[in-house]
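Here the structure comes first, spelled out in structure tokens, and everything after it is commentary.
The values are calculated or read from the model by the stated rules, or taken from the named source; none is laboratory data. Since this is a predicted model, take the numbers as computed values, not measurements. No Cβ is skipped: glycine too gets one built from the backbone with ideal geometry, and neighbour counts run over all protein chains shown. Keep in mind that these areas ignore ligands, DNA and RNA; they rest on the heavy atoms of the full protein, side chains included. Shrake-Rupley method; radii C 1.70, N 1.55, O 1.52, S 1.80 Å.
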Amino acid sequence: MRLLSLFILLIVSFSGFCQSNKAVYQYTVDLTNVVDDRIFVTLVPPIMGKEEVTFNLPKIIPGTYAIADYGRFVSEIYAFDKKGRTLPVERIDTNAWVIKSAKKLAEITYWIEDSFDTELAGPEVFWPAGTNIEEEKNFILNAAGVFGYFDGMKKVPFEVNVIRGQNQYGTTGLIPERVGEPLTSINFENAAGDNFNKVDVYSTGDYDALVDSPIMYAKADTAVIKVANTEVLIGSYSPNQMITAKEIANSVREVLMAQKEYLGGELPVEKYAFIFYFTDKAIRSYGALEHSYSSLYFMPERNIDQMNQNLRDFAAHEFFHIVTPLNIHSEEIGNFDFNDPKMSKHLWMYEGVTEYFAGHMQVKYALISPVQYLNILRQKLLIADDYDNVLPFTELSKKVLEQYGDQYYNVYQKGALIGMCLDIKLRQLSEGAYGMQNLMKDLSKKFGKDIAFKDDELFAEITALTYPEIGDFLDTYVAASNELPLTEIFKLVGVLYYPEKVEGELTLGIDNNTISVVDYEDEQVIAMRNIGSLNEQGKALQFVEGDILLGINGERLPELGPETSSFISKHRAALSEGDTLRYTVLRKLGEEEERKEVELQAQVRGTDVTKKHLLEFDPAATEAQLKLRSAWLEP
């Protein structure tokens, strides 16, 4: 059956041979014919002016900061002339093929496998940057994992024809050229002979724009929110229908409306798409990837109550990327080299300031309280302690691929804190009139979507728009090995900052230093570690190294995921001195014995705890501090 399908596809392909008479890539991908978990791709290339060309799929794409090697997913690649005769094709590395006699090239065909469930050797692809093939259910087309380009021809326009089932819908930030065309409109007959299949047609100005525009095909589950001048499309795939696009829209609508105000009442895009893929499989990680006109989310399948805050936080961060890097980016990003990338020095801005805006916007427009916001900042300070906080951020950014990949997550911690410090410093210097929102708007005006700044000149550009003191701050705390002046910055807005402070409190006896996530019987669970570091409450419970936590006070821990921290927080908040604190653990009682459930209990007692990075509003703040705080946290 597989050979027959391939034979039919090749006959159909040959019947449509017609070398493009213009400078455009013409791609066709068939989602209705899945063979061995692969889909068939056809390319009618632009006219070639060379006898030999190199065809590439990316090694890496913007926003991921990790090697993907998308070329390994390609198999059975062939090149043909206009008479259907094969041309020589030689694979020269994982992501590149040399095609001989290229002036005769009329068509390239190949099969592509998805990254979600691949068994191929190579680096793990960040889920939201990957591809998915679930026959008749879901297809995620991240262009880097499906479509290629020729050396020196990345700036040529692309046309993509997607053959899809009648009941499938494509969620994307692209505005389609045509939707639901009959197959005959592209001279390509469906191999299965299903007359109900349709073709959607998309076009982009170049390869960068194509890679910037993921598409998800699935049974339609969409919602639309009008935000100022922008149509925001939400598309969801939930295999067990646990969450819907309408529920997501209701969850994030308030956030998007606040973002509109935060950005001045008008947005720089006509259409934006939130693309949500929810999985019911056990996963180690989840996340999202930003694009100029969309963002793609890979998340565990939960109901809306369990996912609500995660959705709002994710949406707030990714949506702000319509500012940077869409309208503010360096030459390294504006002309990204997919196979020999040169990294920018300014992750502190692309990701750090974006993450700062995501939280700051929520407190500024009363979606969270000021006290809650201080706790968000504290969490970033605590997580940042796990990283090298004197590593210059410009160096981290420039060498993130080859040297500092393990430091990348700090861009969302210290990077956001850099944004906060700059915001407060700008407001101090301008007497509250000018902050990071204003600076990013001014940078957008000066550069914009089509004009990139020079990486080494950004600090000078910012200084020219603001104050000499801001240039000094960037040189001292972003480009050099110095810790942020947090005490000084927080004092400006009447916030007391304690790097360390001993306080008495009621605890559950566990903390991040004494628990870890481990694999047990094909599941991820929470287990005890470093029990010598337990506080007095933890010691009273008599934990044993390796105990697996099953429940607290008679309630079972939920499956490890976004709701786990909420579960623990709920039980911590319910503590009352003198009560009995109970744990259910799974304990190995001997070298050869299986684990058994054991009940632990101890009386709740106050414990002196050394806390780090405490923040609180100063009740004795001066009038000047309160005025600056108001400019910082209020509309």
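Observations on the structure shown:
- Between the C-alpha center of region 559-635 and that of region 126-141 there is a gap of 38 Å.
- A Cβ-based charge dipole, computed about the Cα centre of the chain with Lys and Arg at +1 and Asp and Glu at -1, lands at about 1420 debye.
- Region 489-562: relative contact order in percent, alpha carbon pairs under 8 Å with at least 6 residues between: 23
- Beta bridges per DSSP with both ends in the chain, % antiparallel, nearest 5: 80
- Region 452-474 and region 217-281: distance between their alpha carbon centers, rounded to Å: 35
- When the residues D30, D388, D522 are ordered by accessible surface, computed with a 1.4 Å probe over the protein chains alone, the sequence from largest down reads D522, D388, D30.
- Contact order for the chain, expressed relative to its length and based on alpha carbon pairs under 8 Å spaced 6+ residues apart, stands at 10 percent.
- Residue-wise HN-Hα couplings along region 406-412, as the Karplus relation 6.51 cos²θ - 1.76 cosθ + 1.60 with θ = phi - 60° gives them from phi, are 6, 9, 4, 4, 5, 5, 8 Hz; Gly and Pro carry x.
- Cα centre as origin, Lys/Arg/Asp/Glu Cβ charges: region 530-635 dipole, Debye: 240
- Listed pairs K281/K611; K445/K627; K219/K380; K219/K445 exceeding 31 Å between Cα atoms: K281/K611; K219/K380; K219/K445
- Rel. contact order, % - alpha carbon contacts under 8 angstrom, at least six apart, region 559-635: 23
- Filter on K103/K398; K155/K449; K226/K454; K414/K501; K345/K491 - keep pairs with C-alpha separation over 27 Å: K103/K398; K226/K454; K345/K491
- Mean-position separation - Cα centroids, region 338-398 and region 155-173, in angstrom: 34
- Candidates A79, T42, L120 compared by Cα position along the dipole of region 35-142: farthest toward the positive end lies A79, with charges placed on Cβ.
- Measuring only protein heavy atoms, the 1.4 Å probe finds L589 accessible over about 90 Å².
- Over the chain: helical MRE at 222 nm, DSSP H runs n ≥ 4 each giving -39500 (n - 2.57), nearest 500: -7500 deg cm²/dmol
- The Stokes-Einstein estimate for the chain, based on a Kirkwood radius over Cα pairs and taken at 20 °C with 1.002 mPa s viscosity, is a diffusion coefficient of 79 µm²/s.
- Area accessible to solvent at D305, 1.4 Å probe radius, in Å²: 140
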